[in-house]
Amino acid sequence: MSAVERRRDQLGSDVDDAVAEAGVRRGRTVVRLIRVEDVAIGCLVSLAVGLVFWPRGAANALGAALSAAYRSSSHYLSRAIDANLTGRGGAATAEKAAALADFGRLDDAFRQFLAERGAKHVPLAEASSLVTGTVALRLSADAVVDLWHDVDGATDLANADHAVIASAEQIERWYDSLAESLSLDGHMPPDPISGKQIGEDRWAAALAADTVPGTEMSAVRVIWTADHLDAARRLQPKLVQAARMAAKSRGAWLT
């Protein structure tokens with residue numbers, strides 16, 4: 001092969017290499033552009049979803065989650081007292097599951113509330129008090145269920161049963177009203193219920209009338225049940241203080 005032919009072949013090889021390298025560079029450029037485009041589209045989609053499904057920030061979700069948790073937890077407490085005092089029994093399993101599920105959502109919303117930047121209309125201490133209040137209600141219900149485990153109610157103390165059950169229903173209604181105030185409807189929370197309003201005097205009078213020899217253990221369980229219910233009442237002043245800060249205006253839960 002002559003020198004001219006060798007030089008021609010070398011030049012041809014160099015040209016092929018240059019063309020191939022240019023093609024690779026172009027391909028990489030196209031890939032990078034596609035990736036940038038994908039990221040931009042993803043950001044726009046995330047922004048749109050956030051605007052549609054979470055238009056008012058983490059505090060909005062926290063208020064809604066608190067409302068649901070108080071409704072389900074207070075219903076669990078009322079149902080546990082009703083079922084066990086009347087002898088119908090049962091661990092209020094469905095009600096407990098609902099309360100736990102609502103608290104799981106509340107926990108997620110509270111974490112997001114803590115993580116979100118910006119001014120918070122509800123101080124952290126008050127928001128924390130409202131969250132832990134739902135736990136206290138659920139634990140009170142758990143304690144009532146454990147107290148009456150393997151016991152066939154207190155059917156021999158009918159008057160006392162009815163008095164405590166009526167008070168439990170009153171407590172549940174109060175917490176339903178609190179739940180309304182925690183949603184975005186601008187309602188103010190209700191005033192706390194006093195011991196007299198809840199009927200503590202009626203409990204004592206009914207127990208005194210019902211208790212006869214042989215019913216002492218049932219009477220003790222009724223007293224303890226009433227004390228768990230009263231614990232839910234004693235929570236109210238602190239919860240009302242926090243909830244009123246959130247309900248001063250319709251937008252109090254907005255960030």
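The values are calculated or read from the model by the stated rules, or taken from the named source; none is laboratory data. Values in this document were obtained by computation on a predicted structure and should not be read as measured data. FYI the Cβ positions are ideal-geometry reconstructions off the backbone, even for glycines, and counts take in every protein chain you see.
Confirm whether L139 is out of contact with any Phe, Trp or Tyr (no Cβ under 7 Å at 6 or more places or on another chain) and in the same structural domain as A125 (by TED's automatic domain parsing). Taking the combined requirement at face value, the residue satisfies it. Within the stretch 227-240, the set of residues being buried (at least 19 other Cβ atoms within 10 Å of the Cβ) and of a type in the set (G, A, S) comprises just one member, A232.
Restricting the first member to the stretch 62-87 and to residues that are part of a helix (DSSP H, G or I), and the second to residues that are basic (K, R) and modelled with pLDDT under 95, the beta-carbon pairs closer than 6 Å and six or more apart or on different chains are Y76/K96. Total residues in the stretch 188-239 satisfying the condition of being basic (K, R) and either at pLDDT below 80 or farther than 19 Å from V144 by Cβ (or both): the figure is 3. Of all residues in the stretch 189-226, those that are closer than 16 Å to Q241 by Cα and surrounded by 14 or more Cβ atoms within 10 Å (Cβ to Cβ) total 4. Comparison of L147, L100, L130 shows that the only residue that is modelled with pLDDT of 90 or more and surrounded by fewer than 19 Cβ atoms within 10 Å (Cβ to Cβ) is L100.
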